[in-house]
Amino acid sequence: MLVLTRKTGERLLIADDIEITVVAVRGDQVRLGITAPRDLRIVRAELLDRVRSENVAAARAASFADSPSEQSVAPASSQSLKPPPPAADTKSDCAHKRIHHPTSERRLVRR
C-alpha cells in the first residue's frame, strides 16, 4: 500500500484519467473529490462489504428454507438478492436534478 500525505487542495493522479483532490479535512474525516471516467465504478468499500454480507446472510436463509422438509421452494439466485433498480418515472421531477457534463468525466463531490 502506498501511503501519502496531502493537504487541502492538493491532488493525486492515478494513471491519466483519475484525479483525487483533498477537498477538506475536519478532525478525523477527510473529504475527497474524485474525477474519473463515467464508465469507472466508484464505491465505498464499507458499503460494498455490508451489501455482500447481507447477500450471504439472505442466501443462507433461503437455502435453509429450501430444506427437504419444505414444499418445492425455488432457491434464490444471487441476482434476486440485489435490490431492484428504481422504476423509470417519466413524470418525475428528478430529471432536472441530473447533472450532464460535456466531457466523459464526472466529478463526485458531495456537499
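Simple spin-label estimate for residue 10 and residue 62 gives 4.7 nm between the two label positions (7 Å along the Cα-to-Cβ direction from each Cα).
Each residue, residue 43 and residue 30, gets one label point 7 Å from its Cα in the Cβ direction; the gap between the two is 2.3 nm.
A crude spin-label estimate for the pair residue 18 and residue 3, with each label 7 Å from Cα along the Cβ direction, gives 2.1 nm.
No value in this document is a laboratory result; all are computed from the given coordinates. Predicted model, so just to flag it, every value in this text is computed and none were measured. Cβ: placed from backbone, ideal geometry, glycine included. Neighbour counts: every protein chain shown.
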